[in-house]
Amino acid sequence: MAWVILVLSGVLEAVWATALGASNGFKRVVPTIVFVAGMALSMVGLAFAMKEIPVGTAYAVWVGIGASLTVVVAVLRRQEAASLARLGLVLGLVACVVGLKVVS
């Protein structure tokens with residue numbers, strides 16, 4: 001259950017990171033609310049997962065999922081350029097996250 005919560009918390013990290021960018025420096029209300037709620041829920045989930053998963057592993061997985069999804073969302077929304085190098089590096093992050101799950 002801790003791994004499921006950790007993955008969901010990583011997804012929420014991408015939600016709050018994307019909302020932070022959309023908030024325009026906290027000038028837009030809805031993205032700001034999504035940012036605060038997403039960040040709070042993401043942190044609570046991370047803290048819960050850390051009860052069973054070692055801190056270093058949990059944090060690396062959380063950041064890896066959040067960073068990967070944030071890049072994917074930005075590319076899909078055409079806010080960042082897509083390239084083979086970027087795709088390869090994001091896939092490398094995902095491979096590392098999967099690897100940490102396998103060895104844990």
inquiry  = I'm trying to understand the selection: among the residues of the range 44-84, which are out of contact with any Gly (no Cβ under 8 Å at 6 or more places or on another chain), open to solvent by 40 Å² or more (accessible area, probe 1.4 Å) and not in a helix (DSSP H, G or I)?
reply    = Met50, Lys51, Glu52, Pro54, Arg77, Arg78, Glu80, Ala81, Ala82, Ser83
task = Identify the residue in the range 15-24 that is open to solvent by 50 Å² or more (accessible area, probe 1.4 Å) and either touching a Leu at 6+ places or on another chain (Cβ under 8 Å) or not aliphatic (A, V, I, L, M) (or both) and, among all such residues, is farthest from Ala58 (Cα to Cα).
result = Asn24
query = Which condition number does Ala2 fail, the rest of (1) surrounded by 18 or more Cβ atoms within 10 Å (Cβ to Cβ); (2) touching an Asp or Glu at 6+ places or on another chain (Cβ under 9 Å); (3) of a type in the set (Gly, Ala, Ser) being met?
reply = (1)
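For every residue, the table says whether it meets (1) of a type outside the set (Lys, Arg); (2) touching a Pro at 6+ places or on another chain (Cβ under 6 Å); (3) over 20 Å from Met1 (Cβ atoms).
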site	(1), (2), (3)
Thr18	yes, no, yes
Ser23	yes, yes, yes
Phe26	yes, no, yes
Val55	yes, no, no
Val63	yes, no, yes
Ala67	yes, no, yes
Val73	yes, no, yes
Arg77	no, no, yes
Val97	yes, no, no
task = Identify, from the list Leu8, Leu87, Leu12, Leu41, the residue that is without any contact (Cβ under 8 Å) to a residue 60 or more places away in the chain, within 30 Å of Val103 (Cβ to Cβ) and crowded, with 19+ Cβ neighbours inside 10 Å.
result = Leu12
request  = Select from the range 25-36 the residues that are part of a helix (DSSP H, G or I) and either on the phi > 0 side of the Ramachandran plot or open to solvent by less than 50 Å² (accessible area, probe 1.4 Å) (or both) and list them in ascending order.
outcome  = Pro31, Thr32, Phe35
inquiry  = Criterion first (of a type outside the set (Ser, Thr, Tyr), in a helix (DSSP H, G or I), without any contact (Cβ under 8 Å) to a residue 12 or more places away in the chain and open to solvent by 50 Å² or more (accessible area, probe 1.4 Å)) does Gly92 satisfy it?
reply    = no
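The values are calculated or read from the model by the stated rules, or taken from the named source; none is laboratory data. Quick caveat, the model's predicted, so the values are computed rather than measured. Using ideal geometry, Cβ is built from the backbone for each residue, glycine included, and neighbour counts are taken over all protein chains shown. Only protein heavy atoms, including side chains, enter the accessible area calculation; ligands, DNA and RNA are left aside. Shrake-Rupley method; radii C 1.70, N 1.55, O 1.52, S 1.80 Å.
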